[in-house]
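Remarks on the structure that follows.
Each reported figure results from applying straightforward, stated rules to the coordinates on display, with no laboratory input. Owing to the predicted nature of the structure, the values given are computational and were not obtained by experimental measurement. All Cβ positions, even for glycine, are placed from backbone atoms using ideal geometry, and neighbour counts span all protein chains on display.
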Amino acid sequence: MIITIAFGLLSAALFLAFIRLARGPSLPDRVVALDLLASLSVGWIALYAVATNQPIFLDVAIVLALISFLGTVGFAYFIAKGAVPWQQS
Amino acid sequence: MAAILSALLILVGTFFMLVAALGVVRFPDLYMRLHSSTKSATLGVGCVMLGAAIHFNDVGFATQALAITLFLLVTAPVAAHLLGRAAYLSGVPLWEHTLSDELRGRYDQVTHDLASTDTK
């Protein structure tokens, strides 16, 4: 029951983050949305581990947290170097 | 008792994540969105991890959950700062009703050095 409500709230959050990912308007906005999607996915995986009673799934969350940080830093470096000019879409 | 505490923490955590996503959609400029997604989502993930650790009641799982939470607490501000700085340097505009921009004119456009007085 509680788990179902929590999954519902997280689904709504993922949907809202995806709206920002699709709308932009700038590249850093999309990177913020991607970073948020990764954080939400870490929470989702922890919740899924509770729902299925399988603690081993938390390893996936660790890897996802590590990868998403590297991705955000890479995007920030890319944007700061000016390789992609900012544009309003 | 432990089950109630775990359920409560998981609900509070997912609520904070929903608030973070709502802020990312509704706030008017990039810097406010960064503020929303960094703080609120980190708190949400931390609460969910704590709730899951209480649910499993296992030292190994609790250590992993603590490691994830600490890692997020360390990396989220760093990533947000890097992204905000990169966005400011690449010219992403502030909200039109912003009252003051103390960084205006203080970044060297070529070297990206920050000065305490205007560079122009």
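Quick notes on this structure:
- The modelled label-to-label distance for the pair residue B:67/residue B:115, using points 7 Å beyond Cα in the direction of Cβ, is 4.7 nm.
- From the alpha carbon centroid of segment A:23-77 to that of segment B:50-84 is 12 Å.
- Charged neighbours of residue B:65, selected by a Cβ distance under 13 Å, balance to -2 (K, R count +1; D, E count -1).
- Taking chain A and dividing mean pair separation by its residue count, relative contact order in percent (alpha carbons under 8 Å, at least six apart): 31 percent
- If R0 is taken as 30 Å, the Cβ-Cβ distance between residue A:56 and residue A:77 corresponds to a FRET efficiency of 0.35.
- Evaluating 6.51 cos²θ - 1.76 cosθ + 1.60 at θ = phi - 60° for every residue in segment B:37-42, the Karplus couplings come out as 5, 5, 6, 5, 5, 5 Hz, glycine and proline recorded as x.
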